[in-house]
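Values quoted throughout were computed directly from the atomic coordinates according to the rules given, and no laboratory measurement underlies them. What you see is a predicted model; the values in this text were computed from it and never measured. Cβ sites come from the backbone with ideal geometry, for glycine too, and all protein chains shown count toward neighbours.
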Amino acid sequence: MTNKLRPKLAVWKFASCDGCQLSLLDCEDELLAIAEAIEIANFPEASRRVLKGPYDISLVEGSITTAHDAERIHKVRRSSKLLVTIGSCATGGGIQALRNFKDVKDFVSLVYANPEYIKTLSKSTPISDHVAVDFELRGCPINKYHLVELISALLNNRKPNIPTYSTCIECKRKGIVCVMVAKGIPCLGPVTQAGCGALCPSYNRGCFGCFGPKETPNTESLGKLWEQLNNTDEEIMRAFRSFNAYAEPFRKASESYEK
């Protein structure tokens with residue numbers, strides 16, 4: 001297959017830690033097959049070579065935190081046939097979205113010696129708040145096998161087979177005793193999308209919600225259960241404010257417990 005026939009892939013970074021981009025490089029055995037099927041045209045994390053767009057597929061990592069970012073994402077959208085957001089920052093604002101619940105100026109003045117040089121937006125927002133997104137791949141970081149499945153699906157013009165059910169299903173499949181029922185440990189598993197293989201419950205810890213809200217999450221019911229487990233309003237609020245704090249279901253749930 002010649003390069004001209006291979007779809008062009010671009011990977012873009014906004015406010016993030018690069019972990020989701022590295023998930024593509026972590027594909028290891030699958031990476032060679034990916035490289036044969038697509039042409040990596042713009043991926044600074046992997047190569048200095050940059051080919052001009054337009055691009056068939058753009059993978060976007062990170063949230064929008066500056067005016068420059070807000071302008072640049074529109075340029076990315078215009079140059080991309082398909083735009084896919086990858087990771088919690090791009091799909092839900094990321095851990096940096098915790099600043100959305102306070103005045104960001106207070107943080108800037110505490111962290112930087114010369115805060116007058118810092119230019120930032122008041123909120124950290126997901127990519128979908130600014131441009132149309134064709135698919136959201138969640139996780140902190142994303143599951144590399146989900147990424148391979150997504151690329152395969154896009155190349156073959158089919159719907160990606162990515163789970164939208166809860167982490168609880170993964171616990172059941174692995175035979176893990178529910179940490180919340182058995183030990184009263186607060187767990188976001190019932191409202192969190194599967195994808196990590198129930199990593200935290202496997203080590204006797206509650207789910208932290210890294211993969212964001214599942215399809216139709218009942219956060220209100222979960223919050224009431226945590227109340228019965230003698231968790232304070234502040235503890236419940238903080239539980240919903242983690243890697244996907246600004247994803248709408250988690251944001252609304254946390255705000256309902258804010259004093």
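Structural remarks
- Distant-in-sequence amide H partners of Phe43 (H built 1.01 Å from N, under 5 Å): Val11
- Long-range amide H partners of Gly139 with built H, under 5 Å: Gly87, Ser88
- The chain - mean residue ellipticity at 222 nm from DSSP helices (-39,500 (n - 2.57) per run, n ≥ 4, rounded to 500): -10000 deg cm²/dmol
- Calculated FRET efficiency for the pair Leu199/Thr66, C-beta based, R₀ 25 Å, to 0.05: 0.20
- GNM top mover of Ser242, Ser202, Ser16 - the chain, alpha-carbon springs below 10 Å: Ser202
- Filtered chymotrypsin sites (Phe, Trp or Tyr not before Pro), the range 63-136: DSSP coil and at most 14 other beta carbons within 10 Å: Tyr112
- Under 5 Å, built H, 5+ apart or other chain: amide partners of Val60: Trp12, Val84, Thr85, Ile86
- Long-range Cα-Cα pairs in the chain (distance over 30 Å), rounded percent: 33 percent
- Taking a ≥ b ≥ c as the square roots of the eigenvalues of the Cα gyration tensor, the range 167-256 is oblate, since a/c reaches 1.5 or more and a/b is not larger than b/c.
- Couplings 3J(HN,Hα) of the range 12-24, computed from phi: 10, 10, 10, 6, 5, 9, 6, x, 6, 4, 5, 4, 5 Hz, in residue order, whole Hz [Karplus 6.51 cos²θ - 1.76 cosθ + 1.60, θ = phi - 60°; x for Gly and Pro].
- Using equal-weight Cα scatterers in the Debye expression, the normalised intensity of the range 69-180 in log10 at q = 0.14, 0.19 Å⁻¹ is -0.78, -1.07.
- Its alpha carbons considered, the range 212-259 gives a radius of gyration followed by a Dmax of 9.9, 28 Å.
- Principal axis extents of the Cα atoms in the range 170-212, from largest to smallest and rounded to whole angstrom, are 23, 19, 15.
- Calculated from backbone phi, Karplus (6.51, -1.76, 1.60) coupling profile of the range 125-133 in Hz, x at Gly/Pro: 10, x, 4, 5, 6, 10, 9, 5, 10
- Selected from Ala194, Ala35, Ala15 as most flexible by GNM, with the chain as the system and alpha-carbon contacts under 10 Å: Ala35
- Computed over the range 3-155, the ratio Rg/Rh where both radii use C-alpha atoms and Rh is Kirkwood: 1.01
- Candidates Arg77, Arg158, Arg238, ranked by Gaussian network fluctuation over the chain, Cα under 10 Å, top entry: Arg158
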